[in-house]
Amino acid sequence: MNAPVLSGRVLALLALVLLAVPLFLSRFGVYIATELLIWGLFAVSLDLLLGYTGLPSFGHAVFFGVPAYAFSIVLLRQDSFALAIAAALLAVVLLAVLVGYFALRTGGTGYIIVTLLASFAFFTFVLAATGLTGGEDGLLLPRNRSFAALPPKLGYAIVAAVAVACYLGARALVRSNFGLLLLAIKSNERRVEALGYDVNAVKLLVTLASALIAGIAGVLYALLVRTLSADLVGPALSTEVVIWVLLGGLQTLFGPVLGAALFMSLKQILSTSTWYPLLLGLSFVAMVLWAPRGVVSLFRFRRRAPAVQPSSPSGSLQ
């Protein structure tokens, strides 16, 4: 791996930080922290594909935006959270199987093209299907059917609990034998095939896991922000999340969370300037030069190399 998976002590410390965050922030600050948690969860979902499996998805926003739209449409028309959640889950599973199947059949550069085309296709569909998605006007969830009806700290707690649960699930996945298989596929796919594994089936399974996490993040986003637009499935967001993962650190899970928080924070700070795109671009160039393996690499401690035992008279090591 590029970086060690966070230890239990570090995770416990981060959990305490998450619990303490709403105690020191204003109402708006809690809202921003909640949104950053959702973006971080979305970034973790892509790291499973890009970081651990080597699948360069440039249409990952469809796994975020389509379930959010499915959830919101059913909630607005049927007024049932159970049906809305079921619709979101069904949408993301079908989408993951469909996009994953065609993307994996092409492979290589074709994977990038298929996923990117999927993002363009759904972006166009959302704009065209005005009767269903609201088109350019988007959708607006009613206040009493969103986190706006709850105290901000309670909404934050719900999102934090779901985000931590999904993160721990992803962490368990990459540390399991299945995770080792993903790394082996990324390293040498042909060798894994020679060992008798169905590589495409494994890739489809990790695509499904990644899509489910992204879909959960999309539903949480709909409940928090309430306003949905075509940008949630478009190529712009698909490209941004790739930047988050690369910026934070591939194959680390926690790195993409930092990358998402850093990117969105800089975007918010620099957006007031007319030179915003240039300043943002220069900032990321500087970060890449400073930390080419991601921001998370700056927090790594070098482990002391094990001492080499002296050689025996026969030349073998003790």
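Bear in mind these aren't lab numbers, they're just calculated from the coordinates by the rules spelled out. These numbers were taken from a predicted model, which means no experiment stands behind them. Cβ coordinates were reconstructed from backbone atoms using ideal geometry, including for glycine residues, and neighbour counts include every protein chain displayed.
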- Message: Cut-off is 10 Å between beta-carbons; in what order do E35, E193 appear when sorted fewest neighbours first?
- Response: E193, E35
- Item | Degrees between helix 199-225 axis and first principal axis of the chain (Cα, 0 to 90, nearest 10) | 40 degrees
- Message: What distance in nm separates the two pseudo spin-label positions at N144 and L16, each 7 Å out from Cα along the beta-carbon direction?
- Response: 4.2 nm
- Message: Using amide H atoms built in the peptide plane, which far-off residues or other-chain residues are under 5 Å from F58 H to H?
- Response: T115, L116
- Tell me, what is a quarter of the convex hull surface for the C-alpha atoms of region 187-230, in nm² with one decimal? 4.4 nm²
- From the Cα gyration tensor of region 103-251, with a ≥ b ≥ c the square roots of its eigenvalues, which class applies: rounded if a/c is under 1.5, or else prolate if a/b is larger than b/c, or else oblate? oblate
- Message: Between T130 and I32, what's the calculated FRET efficiency when r is the beta-carbon distance and R0 is 41 Å? Round to 0.05.
- Response: 0.85
- Arrange the following residues from fewest to most other Cβ atoms within 10 Å of their Cβ: R171, R143. R143, R171
- Query: Which whole-Hz couplings ³J(HN,Hα) result when phi for each residue of region 71-87 is put into the Karplus expression 6.51 cos²θ - 1.76 cosθ + 1.60, θ = phi - 60°, listed in order with x for Gly and Pro?
  - Reply: 4, 5, 4, 5, 5, 5, 8, 10, 6, 9, 5, 4, 5, 5, 5, 4, 5
- Most mobile of A43, A84, A15 per a Gaussian network model of the chain (Cα springs, under 10 Å)? A15
- Show that you can apply the helix-only estimate: for the chain, add -39,500 (n - 2.57) for every DSSP H stretch of four or more residues, divide by all residues, and state [θ] at 222 nm to the nearest 500. -23000 deg cm²/dmol
- Query: Given charges of +1 on the Cβ of Lys and Arg and -1 on the Cβ of Asp and Glu, with all other atoms neutral, how large is the dipole of region 8-299 about its Cα centre, in debye to the nearest 20?
  - Reply: 520 debye
- Query: From the Cα gyration tensor of region 8-299, with a ≥ b ≥ c the square roots of its eigenvalues, which class applies: rounded if a/c is under 1.5, or else prolate if a/b is larger than b/c, or else oblate?
  - Reply: rounded
- Note on the structure: The local net charge around F147, scoring Lys/Arg +1 and Asp/Glu -1 for residues other than F147 whose Cβ lies under 12 Å from its Cβ, equals +3
- Message: Over the chain, with a Gaussian network built from C-alpha contacts below 10 Å, which listed residue (G138, G281, G294) shows the highest mean-square fluctuation?
- Response: G281
- Pull up the cross-link candidates among the aspartates and glutamates for K186, meaning alpha carbon to alpha carbon under 15 Å and not fewer than 8 places away within one chain. D47, D198
- Scoring region 8-299 by relative contact order with C-alpha pairs under 8 Å, at least six apart, yields a percentage of 33 percent
- Residue-wise HN-Hα coupling along region 97-113, computed from phi with Karplus coefficients 6.51, -1.76, 1.60 (Hz; x: Gly, Pro): 5, 5, 5, x, 4, 6, 5, 6, 5, 7, x, x, 4, x, 5, 4, 5
- Query: Going by how many other Cβ atoms sit within 10 Å of their own, how do T34, T239 line up, fewest first?
  - Reply: T239, T34
- With labels modelled as points extended 7 Å from the Cα through the Cβ direction, what inter-label distance (nm, one decimal) is found for L83 paired with K186? 4.2 nm
- Query: HN-Hα J couplings of region 274-281 from phi, Karplus 6.51/-1.76/1.60, θ = phi - 60°, integer Hz, Gly and Pro as x?
  - Reply: 5, 8, 3, x, 5, 5, 5, x
- What's the local net charge at W39, with K and R +1, D and E -1, over the other residues with C-beta under 15 Å away? -3
- Message: For the pair S265/F299, report the inter-label distance in nm, with labels modelled 7 Å from Cα in the Cβ direction.
- Response: 1.1 nm
- Among the chymotrypsin sites (Phe, Trp or Tyr not before Pro) in region 247-279, which ones are in a DSSP loop with at most 11 other Cβ atoms within 10 Å of the Cβ? Mind listing them? W275
